[in-house]
Amino acid sequence: MKKQNITTILFDLDGTLINTNELIISSFLHTLDYYFPNKYGRDDVLPFMGPPLEESFQKVNPDTVDEMVKRYRAYNLENHDLLVTEFEGVYETVKTLYENGYKLAIVSTKTRNGVLKGLKLTKLDKFFDVVITLDEVEHAKPHPEPIEKALEQLGASAGETIMVGDNHHDILAGKNAGTFSAGVAWSAKGREHLAGFEPDFMLKEMADLLDVVGVGH
């Protein structure tokens, strides 16, 4: 299962390290119900999870994208600490990787404020000096730019890096940037959906990552 010489691990945040699924789904439903009462259900918004908000709302109504994003973010921030939890084993795994000298970074399609809020709430912030968000790039995942920017700041090479995420955007971004990729089986879209994009690894639980990189635990 182990890939040789992995020195660097990049993580998506939402749905990968922290369980923001309920927060994201309720934020979308709150926003969409305001503009289109009773039109959207939980299953309808699953495809919106992962891409930047602007991209998702553009598909719904190009004329109101900015105000929809604003409404979404207001609700999302207000309810953040009520609805966000940490996935089992995440803190321990990230701590172990950090203590073993791995280079770690967050690569997210969220804005910086939202990412830092989530990291702080789950006490993961102390493990990540490098955080790449939507605010730092011109092109979001699956474009390789966010990963390349993280690697540059970490002083790392793509061939020694693994990108871990819960969305096909994460897997494709890794492939586009030349890194290894790992999907997480707890993805809200389902393991099979993610497996269809052929990540190098599929993690049943976060601790599996330690086996992949060869750290005893």
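Each value in this text was obtained by applying a stated rule to the coordinates, not by laboratory testing. Please read all numbers here as calculations on a predicted model, not as lab measurements. Because the Cβ atoms are built from the backbone with ideal geometry, glycine has one as well, and the counts that use them run over all protein chains shown.
What to note about this one:
- Surface/4 estimate of mean projected area, convex hull on alpha-carbon atoms of the chain, nm²: 11.0
- A cut-off under 10 angstrom between Cβ atoms defines the neighbours of Glu136, and their net charge, with Lys, Arg +1 and Asp, Glu -1, is -1.
- Cα centre as origin, Lys/Arg/Asp/Glu Cβ charges: the chain dipole, Debye: 160
- Compactness relative to 2.2 N^0.38 Å, alpha carbon Rg of region 110-184: 1.07
- Amide H within-cut-off set for Val130, under 5 Å, with H built and near neighbours excluded: Ile106
- Förster radius 25 Å - calculated FRET efficiency between His193 and Glu88 (Cβ-Cβ, nearest 0.05): 0.75
- For region 4-24, the residues whose amide N sits under 15 Å from a probe point set 7 Å from the Cα of Asn100 along the beta carbon direction are 4-10.
- Distance in nm between pseudo-label sites at Asn61 and Ala185 (7 Å out along the Cβ direction from Cα): 4.1
- Distance in nm between pseudo-label sites at Ala207 and Asp44 (7 Å out along the Cβ direction from Cα): 4.1
- Taken over the Cα atoms of region 21-83, the convex hull encloses 77 Å³ per residue.
- Magnitude of the charge dipole, region 21-83, Cβ model with Lys/Arg +1 and Asp/Glu -1, debye to 20: 80
- A dipole drawn for the chain from +1 and -1 charges on Cβ atoms has a positive end, and of Asn21, Leu46, Ala207 the residue lying farthest that way is Ala207.
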